[in-house]
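Structure, as structure tokens:
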Amino acid sequence: MEDLPRLRELLDAGADVDDPNAQGMTLLHHAVDVEGDGALQGNRPAHVDVTAFLLLRGANPEAKDDGGATPLDLAREYGHWLAVELLMAWQARRPD
């Protein structure tokens, strides 16, 4: 829930950054969801600090949840333009 120090501790202790939850959402899906939905509900600007941290720690931006959505799909659904830009740039820099 946007607790970067705790997330870092868990990942440093060996938590799998791409381990899905019961809905098939990875930590990256969840970060985009929390950041995007929180901005909508709170009527405040969205941020991408957790999303960026997870990408740096190796999260797969192309993972699909149980509904077939990627983190980029979720970002677009929320109108979370900052996450859209970050995820698109991240994917563009990866070699095929």
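What follows draws every value from the coordinates through simple rules; no lab data is involved. Just so we're clear, the structure is a prediction, and the values are computed from it rather than from any experiment. Don't worry about glycine lacking a Cβ; one is built from the backbone with ideal geometry, like all the others, and counts go over all protein chains shown.
For the chain, give the magnitude of the charge dipole about the Cα centre (Cβ charges: +1 Lys/Arg, -1 Asp/Glu; no others), in debye to the nearest 20. Walk me through the numbers before you get to the answer.
Values: 8 positive and 18 negative charges, 59 e Å.
Value, rounded to 20: 280 debye.
Give me the extension gain from ASP66 to ASP19: residue separation times 0.36 nm, minus the current Cα-Cα distance, reported in nm with one decimal.
Values: separation 47, 0.36 × 47 = 16.92 nm, distance 1.28 nm.
Between ASP66 and ASP19, full extension yields 15.6 nm more.
Look at the alpha carbon pairs under 8 Å that are at least 6 residues apart: their mean separation over the length of the chain gives a relative contact order of 27 percent.
Between ASP3 and ARG93, the C-beta separation translates, for a Förster distance of 22 Å, into a calculated FRET efficiency of about 0.20.
Most exposed first by the Cβ proxy, i.e. fewest other Cβ within 10 Å, how do THR70, THR51, THR26 rank? Before the final figure, lay out the partial values.
Working: THR70 20, THR51 29, THR26 23.
Exposure proxy ranking, most exposed first: THR70, THR26, THR51.
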